[in-house]
1. Under 8 Å between Cβ atoms, at least 6 apart or on separate chains: pull out the pairs that start in segment 278-294 with a residue that is without any contact (Cβ under 8 Å) to a residue 24 or more places away in the chain and end on any residue that is part of a helix (DSSP H, G or I).
2. So is VAL89 loosely packed, with under 15 Cβ neighbours inside 10 Å and free of Cβ contacts under 8 Å to residues at least 24 places away in the same chain or not?
3. Quick check, is PHE275 touching a residue at least 24 places away in the same chain (Cβ under 8 Å), touching a strand residue (DSSP E or B) at 6+ places or on another chain (Cβ under 7 Å) and open to solvent by 40 Å² or more (accessible area, probe 1.4 Å)?
4. Would you be able to tell me the number of residues in segment 278-291 that are under 23 Å from PHE110 (Cβ atoms) and open to solvent by 30 Å² or more (accessible area, probe 1.4 Å)?
5. Take the conditions at pLDDT below 50, open to solvent by less than 80 Å² (accessible area, probe 1.4 Å) and assigned to a helix (DSSP H, G or I) and apply them to VAL21. Does it pass?
6. Within segment 346-379, track down each residue that is open to solvent by 80 Å² or more (accessible area, probe 1.4 Å) and in contact with a helix residue (DSSP H, G or I) (Cβ under 7 Å, 6 or more places away or on another chain).
7. So, PRO221, is that one open to solvent by 30 Å² or more (accessible area, probe 1.4 Å) and part of a loop (DSSP other than H, G, I, E, B) or not?
8. Of everything in segment 292-341 that's loosely packed, with under 13 Cβ neighbours inside 10 Å and under 29 Å from ILE208 (Cβ atoms), which residue is modelled with the highest pLDDT?
Amino acid sequence: WTMDQVRDPWTKVGQHPLCEVMSSSPTTLTHRPPRSSTKASTEISAKTVEVILERLEDEARQRVADGFNKWNFTFGVLNVLSLVYVFAVYPQHFWILYVAESMFFIPFRFYKLWFKKPLNQALHYIDFCWITNIAFFVFFCIVLFLGGPNVKMFSETFRSEFFMIIYGISCGPLLGALLVTPLPLVFHSFEIMASVLIHFMPPAMVYILRWDSGVMADTWPTFFYADHTSLNFWPSGQFTRSVFGNSLIYYFCWAAPYMIWQLAIGLRLPSKGKFDTVYHFNMRGGQCIWMGQLFFKRSEEESLEMMRKNKYPLKDFFMYMFLHFFGVFISIVLLAWSCSLHKYVQCGWMIGIFILVIYRGASRYVYYSTELYIGVVKKHFPIEKNDEEQSLFLVTSLDAKRGIDSSEEYMDGISETVPQANEVGVNNKIDEEIQ
């Protein structure tokens, strides 16, 4: 039947399609209007549409639970605007804003990860990017809260060496991660916002320390008095005292304990059903499949079984760590080195990557607005892969729901007119249509 027949109040009760579903046997309908020769029609019941709308409402509630509301969106937009404003107008105070942002987002993100289901994801904080930001945060907190106008917390040599580390890591792996990972800038999600900021704020901070060191020294003479206008990027005579050497030493200071911990404890944690790790999270996200196909000639079915059990061979872990090191190495050699050549080069990289994450965020919001709920319907109510009939089914389902919601009295009148309806047949028919 067509939706016009469902809505028409003058249709005879005995001929109304909803009455026929209620009075007919579970498998036979007594009346079926002729199909149009030019446009396909799809038979649906009010109950089917209601179940569809329930699925859509569940999805909407999940989005709200994830922070998709006007207050979070407003805060997210204002936060990004404040970062851009301070960076452009008051660059000498940007590092304090970094400390303030870290004070909020690091504990907030940890709280969210702790209560993730089905696995606790708090151990994601021992991943390289989070450990690095926590180290930077602790250092700047010491400078901010324990230093003073007459207190020199660290020697100039230490600050120079430490700056080479944060410059190479910030402009290399952290900034490069935004290129290779699909992180979007979505204003409503504090969790995603935190992940974006820990990768983007350190490069912005070292940009100021590198190219506006004079302004920093004038404002904070005992905090940032080192002159970073001339930077030794490649090793000269000794491996240390260079951006490249210090950055790799710092990376291995993290990688060695991390691998030992994984081999001793971490690799077995997810299978016990309690804690998750970034390694297992990434492998479940699809890395197990393409790594298996590319390096180990493993079938997709084998990889999917590993992902289901959350257990992977040791060779997968060593390959994962090798690729991690290779990505860090390349990002330092290419990205961080190019940023060190000129302020406009680093500024260009930062603007380009910032536009990229904005574009990803825009794509995410377009998906929320246009494709998400259609995907929910297709997932829970698979139908024949006929584009014309699919489109008609989805449009008619939502259209029918609106018509039925506005005609409750009419529907009640139909129910009273057919008191002899076969309830078992109705339930079976509804189940059949939902199937």
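1. Qualifying pairs under 8 Å: ILE289/GLU300; ILE289/SER303; ILE289/LEU304; ILE289/MET307; GLN293/GLU300; GLN293/SER303.
2. Details: loosely packed, with under 15 Cβ neighbours inside 10 Å: yes; free of Cβ contacts under 8 Å to residues at least 24 places away in the same chain: yes.
Considered against the rule, which asks whether it is loosely packed, with under 15 Cβ neighbours inside 10 Å and free of Cβ contacts under 8 Å to residues at least 24 places away in the same chain, VAL89 comes out as yes.
3. On the way: touching a residue at least 24 places away in the same chain (Cβ under 8 Å): yes; touching a strand residue (DSSP E or B) at 6+ places or on another chain (Cβ under 7 Å): yes; open to solvent by 40 Å² or more (accessible area, probe 1.4 Å): yes.
Against the criterion (touching a residue at least 24 places away in the same chain (Cβ under 8 Å), touching a strand residue (DSSP E or B) at 6+ places or on another chain (Cβ under 7 Å) and open to solvent by 40 Å² or more (accessible area, probe 1.4 Å)), PHE275 qualifies.
4. Within segment 278-291, the first condition is being under 23 Å from PHE110 (Cβ atoms), and the residues that meet it are 278-285.
Restricting the remaining residues to those that are open to solvent by 30 Å² or more (accessible area, probe 1.4 Å) gives 281-282, 284-285.
Result for segment 278-291: 4.
5. Values: at pLDDT below 50: yes; open to solvent by less than 80 Å² (accessible area, probe 1.4 Å): yes; assigned to a helix (DSSP H, G or I): yes.
So VAL21 passes the test.
6. Once the filter is applied, which keeps residues that are open to solvent by 80 Å² or more (accessible area, probe 1.4 Å) and in contact with a helix residue (DSSP H, G or I) (Cβ under 7 Å, 6 or more places away or on another chain), segment 346-379 yields only TRP349.
7. Numbers: open to solvent by 30 Å² or more (accessible area, probe 1.4 Å): yes; part of a loop (DSSP other than H, G, I, E, B): yes.
Against the criterion (open to solvent by 30 Å² or more (accessible area, probe 1.4 Å) and part of a loop (DSSP other than H, G, I, E, B)), PRO221 qualifies.
8. So the residue we want is LEU334.
The values are calculated or read from the model by the stated rules, or taken from the named source; none is laboratory data. Predicted, not measured: the structure shown is a model, and the values here were computed from it. Positions of Cβ are backbone-derived with ideal geometry, glycine not excepted, and every protein chain shown enters the neighbour counts. To get the accessible areas, we keep the full protein, side chains included, count just its heavy atoms, and leave off ligands, DNA and RNA. Shrake-Rupley method; radii C 1.70, N 1.55, O 1.52, S 1.80 Å.
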